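Some notes on the structure that comes next.
The numbers here are math on the coordinates, done by the rules we state, and not lab data. The structure presented is a predicted model; accordingly, all values stated were derived computationally and were not measured. Here the Cβ positions follow ideal geometry from the backbone for every residue, glycine too, while neighbour counts run over all protein chains shown.
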Amino acid sequence: MVSLLDWFFAHHNDNEPLRYIWKIWKLIEECQTGDDRLPAALPSSAKTIHKKGTGYPLPSGQPSGICDVGIIILDSGQQLPIAVFITNPSSQSRISDIAKQLLEQ
């Protein structure tokens, strides 16, 4: 997944025949949901382009898993592709905790 994100970032402005990539990029970039996942870990100067997901509900009512996949763009211009998938999640903040660990490295 992270290799796909690297490729996606490198080609999101390409011309034909990859113009559809730019459209997908814009849809993901304009995503207004999931601010408590990857974006919660970022300093205010950073940007994230991401898409969150939630698994099917278990009999307990909890989701089977949660995820957030995207690219963190630091103010230095460095891009950090990240994909976090958590099964049987106890809290959505676990995703931002993992992203914070990446940023601390």
### Calculated [θ] (222 nm, deg cm²/dmol) that DSSP helices of n ≥ 4 give over the chain, each run adding -39,500 (n - 2.57)
-9500 deg cm²/dmol
### Task
Starting from the Cα of Glu30, step 7 Å along the direction of its Cβ; do the same at Asp14; then give the gap between the two resulting points in nm.
2.3 nm
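Using the reciprocal of the averaged 1/r over all distinct C-alpha pairs, how large is the Kirkwood radius of the chain in Å? Mind dumping the intermediate values first?
Values: mean 1/r = 0.0689 Å⁻¹.
Over the chain, the inverse of the mean reciprocal pair distance is 14.5 Å.
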#### Entry: Nitroxide proxy distance, nm - points 7 Å out along Cα→Cβ at Thr54 and Arg94
1.6 nm
### the chain: relative contact order in percent, alpha carbon pairs under 8 Å with at least 6 residues between
24 percent
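Relative to the Cα centre, what is the charge dipole magnitude of the chain, using +1 at the beta carbon of each Lys and Arg, -1 at the beta carbon of each Asp and Glu, and rounding to the nearest 20 debye? Write out the running numbers ahead of the final one.
Working: 9 positive and 11 negative charges, 43 e Å.
With Lys and Arg at +1 and Asp and Glu at -1, about 200 debye.
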## Note on the structure
Scalar couplings 3J(HN,Hα) for the stretch 69-75 by Karplus 6.51 cos²θ - 1.76 cosθ + 1.60 (θ = phi - 60°), nearest whole Hz, x for Gly and Pro, are 10, x, 10, 8, 10, 7, 5
